[in-house]
Each structure stands twice: as C-alpha cells, then as structure tokens.
Amino acid sequence: MPCYDVVHTMCDQVQGRLSYIEKYGAPKDMNETFATIIHAAPKMDVAELMEVRKQLALLLDEGFVKECNTNMDLINRVVRDNIDFKKPEEGEVGLRLVNLAAERNVNFTPSQMLVGEI
C-alpha cells in the first residue's frame, strides 16, 4: 500500500511540472521521481501508470531508463523496500506472529511448525 501512495504523489509532481517539462525538458531534481515511476509501473499492474512510464521513457535518456531497473539507489526508499516480493527469512513468520499476539494481549501458543522456526 505505501508504494501506491508514493507513486501517486510522484505522478502528481510530474503533472504539476508538465508545462516546465514541455518547455525545458526533464529537470534533474526529479530523477528519483522519474526512476521510481519507471521502475514501479510494471510491478503495480495499472494501465495508466504504464502509459506514464512509456511517455517518460520517450522523454528521458535510454541509458537512464535502463538503469532504473537495475540501480536501486535511484528508486525512492519506501518503494524500493516494499515493491518486490521477499521470501521471509526462516523464523520470521513465527516470530512476527508471537510479537503481534503479545502487542495485542492475545494468548497465542505457536504450533510445532512455528516453534521450529523461532
């Protein structure tokens, strides 16, 4: 969910600067915005966002567009940390369940499968 919020805000930024972009080209201070939209669009399954990505790819340097998919330093931190599926490390699921139950004062005893992970 945080990825959608960040990308939505970035699209608003691009929309707000369209007249500047049309007149002078892509401003360097928006590189993170452009890179994040280009990187996230294929992973978010939103047709309109793919169109924005396509238009940005036409505007920007081809090398920059390719680098957006490989250089994670260009991407917004929130999007970078949340956009890709990551398999939980061993024990992480069980530990999270135990911690969540404790936070909410729920009596939770993990199953043998989860105990082995913790």
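Values quoted throughout were computed directly from the atomic coordinates according to the rules given, and no laboratory measurement underlies them. Small disclaimer: the values here were computed from a predicted structure and weren't measured. Positions of Cβ are generated from backbone atoms using ideal geometry, with glycine treated the same way; all protein chains shown enter the neighbour counts.
Values for this structure:
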| item | result |
| --- | --- |
| Using a Förster distance of 35 Å, the FRET efficiency for Gln13-Lys86 (Cβ separation, nearest 0.05) | 0.80 |
| Helix-only mean residue ellipticity at 222 nm for the chain, each DSSP H run of n ≥ 4 adding -39500 (n - 2.57), per residue, nearest 500 | -19500 deg cm²/dmol |
| Order of Cys68, Cys11 - criterion: other Cβ atoms within 10 Å of each residue's Cβ, fewest first | Cys11, Cys68 |
| Relative contact order %, the chain, counting alpha carbon pairs below 8 Å whose residues are six or more apart | 27 |
| Total lysine pairs under 17 Å (Cα atoms) in the chain, excluding pairs fewer than 8 apart on one chain | 6 |
| Segment Leu95-Val78, extension gain: residue separation times 0.36 nm, minus the distance between their alpha carbons | 3.8 nm |
| The chain - Kirkwood radius from inverse mean 1/r over Cα pairs (Å) | 16.7 |
